[in-house]
Structure formats: structure tokens, C-alpha cells
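S.K.: Got a structure here, written out as C-alpha cells. Questions coming.
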DNA sequence: CAACGCCTATCTGTCACTTGGTAGGTTGGT
DNA sequence: ACCAACCTACCAAGTGACAGATAGGCGTTG
């Protein structure tokens, strides 16, 4: 149990940051969620920047693991592409939250360097996975797959943002369907 | 000149909010930018919420005027669709800023009600304009035009976010080109 | 005079972070 | 077996910086 508080802090911080961003993280509220005192968080994470970087890192690690798991379970790469938007849908289902790293991309200018790096890695993980799957599904040529992968990733986080600003998850579904109809994603 | 300070405050607040969001707005810094004292801002905008709403309102008003102007100058609706991404490119050109309302869409949960409304109106203005132009260009059927309009709007702000998180405007261009190649936007 | 535009001064609250502890568990030398 | 040294995990109290907001006053202009 050496790190149960640490894990609880990471989980609570992730939840908060998906709703209010890095700037919306604060030690008091976090501590209350976890059931310890604010000062104690500094034991596990010396500074807010350390906490932010740890949260973002854990976030992309979990995402990467989820993507690999999907690939292992779903043999057809085109099916993987069909399921991909569902991953980002979950954030919206969870009280209208959004992807942690989308929020942090908006906040990018004011972010500590260590956090910026993790945010970029999240994008890299998604683009690399999409690129691989697009190639496997032969949706585009392998030279174009990274560009298309980035476009899909960008479009998905845009859709998330739109849906959030209306607190309406059906908007996300509608936009994703439009992407499919337009040919950005396989139908 | 009854409102030269008021206008200066709005302009400075817009610049700041495009870089650091509604949460990043603060009276002291704003006052320094404008050359007055922080307390004086409250004369023009009683509360921060009032200021935020005024900034967001002015933002969509300016955007709406720009879109109408483009439509007046460019007779071909398909050309308008080709130029549309350029509007959002300008924010990135301006020190890696993004659309005010994209940022505020991320911050949505913590926004005062009056600000939320203006943010939604910005989206409405864009979707309505795109929908009109898509219909005129006969890119999609008129029943589908609003859905496609929303998809384009979402995709564009997603592209902006991606480019910002790398401070790399060429990423925006590449993603927009991918949208065109995929058929989301006319080539 | 009176409204306007801005000022000084101050209030109250919240933020991240620091200091200086305590209680309990583990370890290692004798 | 014993005890001292150390480590882990936490807390109470407080610091200075900064946030939005307010009250009341001062000079200019119509």
C-alpha cells in the first residue's frame, strides 16, 4: 500500500483536469477528494508541475495500453478505426469531460515544460497508432497515413470540444458520423 | 472618445483570452496593458463575467462581419469554403493563439452563464454561415449541410488545437490539406 | 453643478508552497 | 532481544503572492 494515496491523487487530479484543466487543479480540493491534507500532496508531488506531468504521463500510458488492447482484441483494422471515436466519447459520457490533453493543448502556453512534453506524447501515441492502423486497413497509402492519422486525431478532439460546449453528446456522434459520410473515417 | 478605454480593454482582453483563456484573464495585467488601474476596469465592466461576455460577444460579432464580407467579395461559394480555414489560421499566426471560443469551449464547465451563451453563439454563427455556403456550393444536399457545417467547424478548431500544442503552424496547414484530400472540405 | 472617467486604498479570499513537526514501521548493529 | 537510527506518510500552521471586488475621492468637461 505504499502508494495508494499517490494513486488516488493521480486519479482525482485526472478527473479534475479533464473538467477544468491544469489551471483548474488545486491542492485543497484535490486533498479533500482523496481524504488527506493539501500539504501532504507535496510529499508525493513536490510541485504542481510535477503533479501535472505525472497525471498527463499516466493518461497517455493508459490510453496507449487501451489502444493496444483494442488492436489485440479486434483483428480487423477497419473495425479498430470504427471503434476509435468511442474512446473519446467516454470522456463526454463522464459528466461532459474532455480529453485531458485537448484541454492542456488549449492551455499550452502557460504549461510547465514537463507537462508540455507529456501532452505532446499523448498526441504522438494517438497519431502513431492511427497511422499504423490506417496502413493496415489500407485506407490510405503508407506515405499518407501519418498525415491522415493526424487529421483524424484533430477532428476527433474538435468534435469533443463542440459537444462539450453544448453539453450534448449526441452532437459528438453527429459530427463523427459526418466525418464518416465525408470520407475522413471509414464508414 | 467616451469609450476608448473600454475598447482598449476589450482588445487587450481578447488577446489575453486567446492565449490563456477566460481563467487567464486578470484585471491587473489587463489594466497594465491598457495603461489604467485595475480598479478602473470595474467602471466599464462591473464584474469579470461581464467583461468575459462582452469580449466573447465582440468576438463573434467581428467574426460574423468578416464572414459576411468574405461572402460579399468572393462570389464563388466554393472559394469561400477554400478561404474559411484561413480565418482560423490568423489566430495561430498571432503568437500561437487560438480561437477565443475554442478555448472557452474547453473551459466551458467553469464559465459564467452569460459567457457560455456568447461562446455558443460563436459556434452558431460559424455553422450557419458554413451551412449556407455549403448549400450554395452544392457540396452536400441542403438537409445535410448543417451537419457537414458542424463537422467542418469542429475539425478546424481541432486542427488549431493540434498546431498550438506544437507551436507549429505548418501542422495546421497539413491537417487542413488532409481534410481536403479526405473530402471533408472542397479541394 | 453634476456626470464621467479614473484614481488610491483596502478588503476578502484563494493559491502554491514551506516549515517543523508527529506517529508508526523498518532496519541494522550489538 | 534491544534500541537507536532512519524512512514513510501525513498534518497544523503559516507565508507571500495574487485574485476579484468595493468605497470613496479627485479632477476634468459639458
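S.K.: For the residues A:107, B:68, what sequence is obtained by ranking on other C-beta atoms within 10 Å, fewest first? Display every interim value, and only then the final one.
M.R.: Numbers: A:107 28, B:68 12.
Ascending number of Cβ neighbours within 10 Å: B:68, A:107.
S.K.: From the helices alone, meaning DSSP H stretches of at least four residues, give me the mean residue ellipticity at 222 nm for chain B, per-run term -39500 (n - 2.57), in deg cm²/dmol to the nearest 500. Display every interim value, and only then the final one.
M.R.: Values: 9 runs with 141 residues, N = 187.
Roughly -25000 deg cm²/dmol at 222 nm, from the helical runs in chain B.
S.K.: Which distances, in nm and shortest first, link the residue B:86 label point to the same label point in every other copy, taking 7 Å along Cα→Cβ?
M.R.: Those separations, rounded to one decimal, come out as 4.2 nm.
S.K.: Tell me, what is a quarter of the convex hull surface for the C-alpha atoms of region B:23-101, in nm² with one decimal? Numbers along the way, then the final one.
M.R.: On the way: hull surface 25.5 nm².
Spelled out: convex hull of the Cα atoms, projected over all directions, averaged, 6.4 nm².
S.K.: In what order do B:146, A:113, A:93 fall by count of nearby beta-carbon atoms within 10 Å, going from fewest to most?
M.R.: A:113, A:93, B:146
S.K.: A follow-up question, please. Copy-to-copy spacing for residue B:113, label 7 Å out on the Cα-to-C-beta vector, in nm, shortest first?
M.R.: Distances between equivalent label points, in nm: 4.6.
S.K.: If you don't mind, there's one more thing I want to ask. For peptide A:106-116, what's the mean number of Cβ atoms from other chains within 10 Å of each residue's Cβ?
M.R.: Working: counts 15, 10, 9, 11, 5, 1, 0, 0, 0, 0, 3.
Counting other chains' Cβ atoms within 10 Å and averaging over A:106-116 gives 5.
S.K.: How far, in nm, would the chain grow between residue B:36 and residue B:74 when pulled straight, counting 0.36 nm per residue and subtracting the alpha carbon separation?
M.R.: Values: separation 38, 0.36 × 38 = 13.68 nm, distance 4.16 nm.
That pair, residue B:36 and residue B:74, stretches by 9.5 nm at full extension.
S.K.: When the Debye formula is applied to the Cα atoms of region B:1-155, each taken as the same point scatterer, what base-10 log of I(q)/I(0) results at q = 0.11 Å⁻¹?
M.R.: Log10 of I(q)/I(0), two decimals: -0.48.
S.K.: Moving on to the next point. Please work out the Cα center distance from region B:62-81 to region A:122-185, rounded to the nearest Å.
M.R.: Result: 28 Å between the Cα centres.
S.K.: Would you kindly work out the equivalent ellipsoid of the protein assembly as shown from its C-alpha gyration tensor and give its semi-axes, the square roots of five times the eigenvalues, largest first in whole Å? Don't jump to the answer; show the numbers that get you there.
M.R.: Values: eigenvalues 199, 191, 51 Å².
The equivalent ellipsoid of the protein assembly as shown has semi-axes of 32, 31, 16 Å.
S.K.: Order by neighbour count: B:111, B:71, fewest other Cβ atoms within 10 Å first, most last. Each step should come with its number before you reach the end.
M.R.: Numbers: B:111 23, B:71 15.
Lowest count first: B:71, B:111.
S.K.: May I pose another question? Grab the alpha carbons of region A:124-166, take their convex hull, and tell me the volume per residue in Å³.
M.R.: Numbers: hull volume 2.6 nm³, N = 43.
Taking only Cα atoms, region A:124-166 has a hull volume of 60 Å³ per residue.
S.K.: Another question, if that's okay. Determine the shielding of peptide B:73-83 by partner chains: average, over its residues, the number of Cβ atoms on other chains within 10 angstrom of each Cβ. Could the numbers behind the result be given before it?
M.R.: On the way: counts 0, 0, 0, 0, 0, 0, 0, 0, 0, 0, 0.
Rounded to a whole number, the mean comes out at 0.
S.K.: Another question, if that's okay. Just tell me how shielded B:142-151 is by partners: mean number of partner chain Cβ atoms within 10 Å of each residue's Cβ, no decimals.
M.R.: On the way: counts 0, 0, 3, 0, 2, 7, 5, 1, 7, 14.
Partner-chain Cβ atoms within 10 Å, mean over residues of B:142-151: 4.
No lab work stands behind these numbers, since they all come straight from the coordinates. In this text the structure is predicted, and so the values were computed from the model without any measurement. Methodologically, a virtual Cβ is constructed for each residue, glycine included, from the backbone with ideal geometry; neighbour enumeration extends over all protein chains shown.
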